[in-house]
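A.B. asks: Here it is: the structure, laid out below.
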Amino acid sequence: LFWRSGPNAAVRKGNWKLFLGNGVERLYDVQADPGESDDRASANPEVASELREAFRNWNAQLPKPRTANRKVTTEFNGDTIEWDI
């Protein structure tokens, strides 16, 4: 499953979800951690790399995402994430 919205994106494969946005990259095991509070990227660099590459290949086939004039900033697990809405 691939998803993108403005500067943010995610890819999901099995239990793994990689979130990418504004310089933030977080890997979650959504079955073990449904609240997505434990970044597993450093413990599973091969999984993060595989999902990052899969996203890049998928994204390369699409036109550039549109940007919005309206932006919202949120805080999640200590990260600041900007959203185009």
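The values are calculated or read from the model by the stated rules, or taken from the named source; none is laboratory data. Fair warning: this is a prediction, and the values are worked out from it, not measured in the lab. Neighbour counts run over all protein chains shown; Cβ positions are idealised from the backbone, glycine included. Note: accessible area is taken over every heavy atom of the protein model, side chains too, but ligands, DNA and RNA are not part of it. Shrake-Rupley method; radii C 1.70, N 1.55, O 1.52, S 1.80 Å.
A.B. asks: Please go through region 4-53 and give me each residue that is aliphatic (A, V, I, L, M) and over 9 Å from the mean Cα position of the chain (by Cα), ordered by number.
C.D. replies: Hits for region 4-53 are Val30, Ala32, Ala41, Ala43, Val47, Ala48, Leu51.
A.B. asks: Any residue that is at pLDDT below 95 and of a type in the set (S, T, N, Q) - is there at least one of those in region 29-43?
C.D. replies: There is at least one residue in region 29-43 that is at pLDDT below 95 and of a type in the set (S, T, N, Q).
A.B. asks: Here is a further query. I want to confirm something. Restricting to region 11-27 and keeping residues that are free of Cβ contacts under 8 Å to residues at least 40 places away in the same chain and of a type outside the set (D, E, K, R), which single residue is most open to solvent (accessible area, probe 1.4 Å)?
C.D. replies: The residue in question is Gly23.
A.B. asks: How many residues does region 66-75 contain that are in contact (Cβ under 8 Å) with a residue 12 or more places away in the chain, within 26 Å of Asp39 (Cα to Cα) and not β-branched (Val, Ile, Thr)? Reasoning before the result, please.
C.D. replies: Initially, region 66-75 is screened for residues in contact (Cβ under 8 Å) with a residue 12 or more places away in the chain, giving 66-68, 70-72.
This time we only want the ones that are within 26 Å of Asp39 (Cα to Cα), so: 71-72.
Within this subset, residues satisfying the condition of being not β-branched (Val, Ile, Thr) are 71.
Counting residues in region 66-75 that are in contact (Cβ under 8 Å) with a residue 12 or more places away in the chain, within 26 Å of Asp39 (Cα to Cα) and not β-branched (Val, Ile, Thr) gives 1.
A.B. asks: Let me ask you something else. Return the residue satisfying two criteria in turn: it lies in region 28-39 and is without any contact (Cβ under 8 Å) to a residue 12 or more places away in the chain and open to solvent by less than 60 Å² (accessible area, probe 1.4 Å), and of such residues it is farthest from Lys71 (Cα to Cα).
C.D. replies: Looking only at region 28-39, we keep the residues that are without any contact (Cβ under 8 Å) to a residue 12 or more places away in the chain, and these are 33-35, 38.
Remaining after also requiring open to solvent by less than 60 Å² (accessible area, probe 1.4 Å): 33, 35.
Values: Asp33: 28, Gly35: 24 Å.
Filtering first and then ranking leaves Asp33.
A.B. asks: Return the residues of region 50-85 that are open to solvent by 50 Å² or more (accessible area, probe 1.4 Å), over 12 Å from Val11 (Cβ atoms) and either at pLDDT 95 or above or hydrophobic (A, V, I, L, M, F, W, C) (or both); say none if nothing qualifies.
C.D. replies: Ala60, Gln61, Leu62, Val72, Phe76, Trp83, Ile85
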